[in-house]
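The values are calculated or read from the model by the stated rules, or taken from the named source; none is laboratory data. Only a predicted model underlies this, so the values are computations on that prediction, with no experimental measurement involved. Because the Cβ atoms are built from the backbone with ideal geometry, glycine has one as well, and the counts that use them run over all protein chains shown. When the accessible area is computed, the model is the full protein with side chains, heavy atoms only, and any ligands, DNA or RNA have been set aside. Shrake-Rupley method; radii C 1.70, N 1.55, O 1.52, S 1.80 Å.
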Amino acid sequence: MEDIAVQTNPRVGGRIPGLVPSMVGLIWCALIALFGSTDLVQWIWGALPRILFLLVVVVALYLLPGLALLQILWRGVAISRAERLALACGISVALPPLLLEIAHLVGLPWTRWTTLGYVVVAAIAVAPRFNSTWRNSTRLPVGPSWSTIMLASLIGIALLVRLYIVRGLPVGMWGDSYHHTMIAQLLVDNRGLFSSWKPYAPLVTFTYHYGFHANVALFHWLSGISVSQSVLYVGQIIGTATLPLAYVLTTRLLRSHAAGLWAVALTGFINTQPAYYVNWGRYTQLTGQVLLPVVVLCWVEAIECSRRNWRRIVVAGIVTACLVLTHYLVTIFAALFLSAYLLAYIVRHRNQHALQQVAGTALLIGALALVLTTPWLLNLLTGYLTHIAAGVVSKNSGAKAAATSDTLPALTPLFLTSMILALAFVGLLLACVRRTWNVMLLAVWSGLLILASRPNLVGLPGKGIITDFTAYIALYLTVIPIAAYALSYGQQLLGAWRPRVSNAVATVLLMTSTAWGVHWQQDVLNPANELFTPADADAMTWVRKSTPADAHFLVNMFPAYDNTVVVGSDGGWWLPLLTGRHTTLPPITYASEWAAIPHYIQSVNEFAAKLRAHPLPSEQGIKLMRDAGIRYIYTGAHVGQDDPIDVQALRHHPAFRVAYDRMGVVIFALLPS
């Protein structure tokens, strides 16, 4: 394998005079204020105590546990300091779901004190070995001081911007945030894993992947911040974690710290994804994608070790199990890469020993992951998810589905920017010329992701299990390193001619791209995706104070996913979680879990269908309400879907009374007949 090793010139990047970073930092701040926003700088200054508190929590939860595991089980691995910290971040994100599973099996309630103990044990495990490990973690070329400063600055700025973005949100955006917040709250309420969704929904199984929710619960227990706000904070922290993981994935595969820095800049500030995830509340997939590079790299280290190393096998097995618990579909993404990688490894070595080495190590890692996840996989059979997957495969199988050749969605600009696609094309051409097989492997992985969403294109079943959208919003992970390869090669050519000029140009480009990214990301929130607004938050307070505990609400809802479920279109969906009041609409997981009420899915869907057929204030619609025991109607401030509740018609109907009307939220009381 031919690798590029683009490093900053040691004469420039070694010991940097203390004044130089300070001057560059001031220029960087000025660029952000000029091209970004002075509002961001003012917010940072005003929120500084809270930011510092969050940083302490982030280090405790998302650095110490991973460092502890690496120091215990990853001895002797040639890895730079920055790469070690990046991997530690990913492993720390990975561990919470496995911890909650083990605690559930042994009957240990997980609480604030358990979380604090977890952090303290990690700190104790790190402390005795920290200095020696830090000194010895330099066997691979380590990015010089200048690269380290740039990496830390990029990650720090990204975290501040992402926290700034969500500063005014009362809860997460869009529909996914509702059930994510509910699951996290149930983990907190039950002090760990649960089966009953009471008091929020009449569901009696829990089979949803829960890595993100476990992270939210631990963050809540350690910080004391409410679960709904913890969802926002953890979502943005995990979004920021994609940057160090992009760095370590790129540097370990391409052996180039310069390429790693470019991957960080492109991921954090240039590409639309993953910053745009905040609009969907799709933090579960994002969490899985933070684990994905960790799983890939741990497998690679275990496979490429000259002799079988049980410590590396254990680490790979643990993080693989954590990925299974965190996100089922992202686990398939990992399997796609590993299949291509293992095949390429065998082809490159072409000997019986290599085949035995790969097969034995892979089986051991897989066996350990299976042992760790078997209790949860058995639990998975209690819900509807396996039936849903089987139904999708059956529905989209056969000659007709295989012959379908509908067009693929456009990649730009939502999923990948045109600039990144162009750079990736150049990078792939360079890789073919230079025979850099790891870059070509990333391209194969990208193609496999797309193919996984359209297996019918090659006559395979399974279309619909992974949607185009799910695959496309993960492509930044595989395509950006290829684009970074092209940029780092250009930096290498310039550095061979003028090293100091190369460093200066790279620094200026990184700084200006950051300032540009800060500028557009401040407006990344799409108001159309804000189902729950500050006006809804005020209304929830009124509902808690002014309605009886057994009040039953009708809320806006519409059919989705080929009319298989109904979902909410405004803040009324959040009533059970935030007020304890019952509504006509459960979380979307009602379609994948068993309920205590017979034929619950059908009853929810049929009621919504009847109401749409007989919209209020028709007599049939009012009768539906009375028969269901509904006493109130909630219409939120969000304007989006074609809501079935006609607010203006209800205002003038004698059967209804306006009980609340503020800032776009209107609550009607149904009067006695």
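Some points to look at:
- Selection status of Leu364, in contact (Cβ under 8 Å) with a residue 24 or more places away in the chain, in contact with a strand residue (DSSP E or B) (Cβ under 7 Å, 6 or more places away or on another chain) and crowded, with 17+ Cβ neighbours inside 10 Å: no
- Near pairs, Cβ below 6 angstrom, 6+ apart or cross-chain, from segment 511-535 (in contact (Cβ under 8 Å) with a residue 40 or more places away in the chain and assigned to a loop (DSSP other than H, G, I, E, B)) to any residue that is among the polar types (S, T, N, Q) and open to solvent by 10 Å² or more (accessible area, probe 1.4 Å): Gln522/Ser37
- Number of positions in segment 170-194 that are open to solvent by 10 Å² or more (accessible area, probe 1.4 Å) and not small (Gly, Ala, Ser): 10
- Within the set Phe425, Phe469, the sole residue that is aromatic (Phe, Trp, Tyr), touching a residue at least 12 places away in the same chain (Cβ under 8 Å) and surrounded by fewer than 18 Cβ atoms within 10 Å (Cβ to Cβ) turns out to be Phe469.
Every residue, every condition in (1) farther than 25 Å from Ile165 by Cα; (2) within 30 Å of the chain's Cα centre (by Cα), yes or no:
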position	(1), (2)
Ala484	yes, yes
Leu494	yes, no
Met511	no, yes
Asn526	no, yes
Ala537	no, yes
Asp550	yes, no
Val555	yes, yes
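- Complete set of residues in segment 472-492 that are of a type in the set (A, V, I, L, M, F, W, C) and crowded, with 24+ Cβ neighbours inside 10 Å: Ala474, Leu477, Val479, Ile480, Ile482, Ala483, Ala484
- Top-ranked residue of segment 606-638 - restricted to ones that are within 21 Å of Arg662 (Cα to Cα) and not hydrophobic (A, V, I, L, M, F, W, C), ranked as surrounded by the fewest Cβ atoms within 10 Å (Cβ to Cβ): Arg631
- Residues of segment 438-463 that are in contact with a helix residue (DSSP H, G or I) (Cβ under 8 Å, 6 or more places away or on another chain), more than 17 Å from Leu292 (Cβ to Cβ) and surrounded by 19 or more Cβ atoms within 10 Å (Cβ to Cβ): Val439, Arg454, Asn456, Lys463.
Condition check ((1) in a helix (DSSP H, G or I); (2) farther than 17 Å from Met540 by Cβ) across all residues:
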position: Leu616; (1), (2): no, yes
position: Ile630; (1), (2): no, yes
position: Ala637; (1), (2): no, no
position: Ile645; (1), (2): no, yes
position: Leu650; (1), (2): yes, yes
position: Pro654; (1), (2): no, yes
position: Asp661; (1), (2): no, no
position: Ile667; (1), (2): no, no
position: Pro672; (1), (2): no, yes
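- Only a single criterion out of (1) surrounded by fewer than 22 Cβ atoms within 10 Å (Cβ to Cβ); (2) over 15 Å from Arg631 (Cβ atoms) is not satisfied by Thr579, namely (2).
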